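Below: the structure, in structure tokens.
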Amino acid sequence: MTISRRHVLRIGGGFLAGLAGLRFPLASEPVEIRMQGNTDGSHVWFDPIGLRVEPGRTIRWVNLDPGNSHTATAYHPKNFDRPLRIPEGAEPWNSDYLLPNETFSVTLTVEGVYDFFCIPHEHAGMVGRIIVGEPGRSPAGSLSAQGTGGEPIPEVALRALPPIDEIMRRGVVKRV
Ligand SMILES: [Cu+2]
């Protein structure tokens, strides 16, 4: 008894063709970062504090802290002569003060690591980190995590920033 070779070969095709259309990344929807604070104002934070997105994604900060104004401000020489901690060639942003329930949005297209802070609460460790695409792909990506020049970043803020590899692994990192 012999198995028909033609029969075996017929099984292979067709299955994979359907899979290509299954991905819907919803890249047009903004990703939200919430500005939070506890009731007595002794703790303030970005939620999430670490985030990974694909290039072209819009980030929207929203102030959900009823008791405080907050900012989302990129570490960049154009913002109060702070060290460069976003990719070279990327546009710096500064939301200015957001009152409760106000929002601010930015679309990030250059791949790399972006660190940002809240102007009145940087010394309380209110900072965040966004990774766009693959940080290694842009030469400035890894460099920006070190930062250069300007008024130095307080130790408490540096320590609050989640490690790049943790953000790459988990996609979203919450404050502990
Ligand atoms: Cu703040």
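The values are calculated or read from the model by the stated rules, or taken from the named source; none is laboratory data. Owing to the predicted nature of the structure, the values given are computational and were not obtained by experimental measurement. All Cβ positions, even for glycine, are placed from backbone atoms using ideal geometry, and neighbour counts span all protein chains on display.
Values for this structure:
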{"read-out": "Residues of the range 52-76 classified as part of a strand (DSSP E or B) and out of contact with any helix residue (DSSP H, G or I) (no Cβ under 6 Å at 6 or more places or on another chain), total", "value": "10"}
{"read-out": "Close pairs from the range 65-77: first closer than 14 Å to GLU151 by Cα, partner outside any loop (DSSP other than H, G, I, E, B) and more than 7 Å from the ligand (Cβ to nearest atom), Cβ under 8 Å, at least 6 apart", "value": "ALA74/ASN94; ALA74/TYR114; ALA74/ASP115; ALA74/PHE116; TYR75/ASP115; TYR75/PHE116; TYR75/PHE117"}
{"read-out": "Residue list for the range 116-151, restricted to those being of a type in the set (D, E, K, R) and either crowded, with 23+ Cβ neighbours inside 10 Å or modelled with pLDDT under 90 (or both)", "value": "ARG129, GLU134, ARG137, GLU151"}
{"read-out": "Selected residue (criterion: surrounded by the most Cβ atoms within 10 Å (Cβ to Cβ)) from residues of the range 32-88 that are within 15 Å of the ligand (Cβ to nearest atom) and of a type in the set (D, E, K, R)", "value": "ASP65"}
{"read-out": "Residue pairs meeting the criteria (Cβ under 6 Å; at least 6 apart or on separate chains; first under 20 Å from PRO152 (Cβ atoms), in the range 85-98; second among the acidic types (Asp, Glu))", "value": "ARG85/ASP115"}
